[in-house]
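The values are calculated or read from the model by the stated rules, or taken from the named source; none is laboratory data. Please read these numbers as outputs of a predicted model, since none were measured by experiment. Quick reminder, even Gly has a Cβ in these numbers, built from the backbone with ideal geometry, and neighbours come from all protein chains shown.
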Amino acid sequence: MDELEGKLAEYESLRNEISQNDALIQKVNIFGFWAVVLPLLFFAYHRDNEVLILPPVAYFVYLQMVVHKLEGTFRIAGYLATFLEPQIPGMGWESRLALLRGKSSTLPGVPTHTALLIVAVVGTLVPSVTASSAPHAFISGAAAVAVLLWSIAQIRALNELSGPNGFAKSWKELREKESRAQSAQQP
């Protein structure tokens, strides 16, 4: 196997990993939807306030799974754009996509995340505020606000990682460091 074939194999393997992450995120979106909506439907029919803690907790778990997969995707994409695409003729998808991400601060899939977040927070806060002063109403409302703030921070962090100052910058700095080390070793 020559060097180009090796790079193509590595590129294909890493692109497959990105595709697997995307497919898993789509499945997790379905889980997230039902994990947030089912407790709210249960509350609507049974008026069981204790169940209101579940939507923000479910959303927290959902977003944590998505964030983990997106971090991996952005890390791989930055590596591909920095190390492999410049050395493989005709490859440039991740490099071009990184340029687009740099012009937009919108994370792919944010509408799904945002919709579930709104359902989880509003669906929990409204009944919590209108419920009696029972401790579970306060706990549910506090959990919803905490998840809202945490989610905003997570989404902002992901936007930063996917932008020009995220993984792409780290990979470029590593490539430059390796180039300097190779240059220093040559007579």
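Tell me, please, whether a residue that is of a type in the set (Phe, Trp, Tyr), closer than 30 Å to residue 138 by Cβ and surrounded by fewer than 19 Cβ atoms within 10 Å (Cβ to Cβ) can be found in region 84-103.
no
Are any residues in region 14-67 within 26 Å of residue 152 (Cα to Cα) and acidic (Asp, Glu), and if so, which ones?
Of everything in region 14-67, those that are within 26 Å of residue 152 (Cα to Cα) and acidic (Asp, Glu) turn out to be 22, 50.
From the list 134, 184, 168, pick out the single residue that is surrounded by fewer than 19 Cβ atoms within 10 Å (Cβ to Cβ) and either at pLDDT 80 or above or within 18 Å of the chain's Cα centre (by Cα) (or both).
Testing whether each residue is surrounded by fewer than 19 Cβ atoms within 10 Å (Cβ to Cβ) and either at pLDDT 80 or above or within 18 Å of the chain's Cα centre (by Cα) (or both) leaves just 184.
Take the residues in region 55-69 that are of a type outside the set (Val, Ile, Thr) and surrounded by fewer than 21 Cβ atoms within 10 Å (Cβ to Cβ); name whichever of them is farthest from the chain's Cα centre (by Cα).
Ranking the candidates gives 60 first.
Identify, please: which residue in region 3-45 is at pLDDT 90 or above and among the hydroxyl-bearing types (Ser, Thr, Tyr) and is, among those, farthest from residue 144 (Cα to Cα)?
Applying the filter and picking the extreme gives 11.
Scan region 30-55 for residues that are out of contact with any Gly (no Cβ under 9 Å at 6 or more places or on another chain) and touching a residue at least 24 places away in the same chain (Cβ under 8 Å) and jot them down.
31, 32, 33, 35, 49, 50, 53
Residues in region 1-53 that are under 21 Å from residue 85 (Cα atoms) and assigned to a helix (DSSP H, G or I): how many?
20
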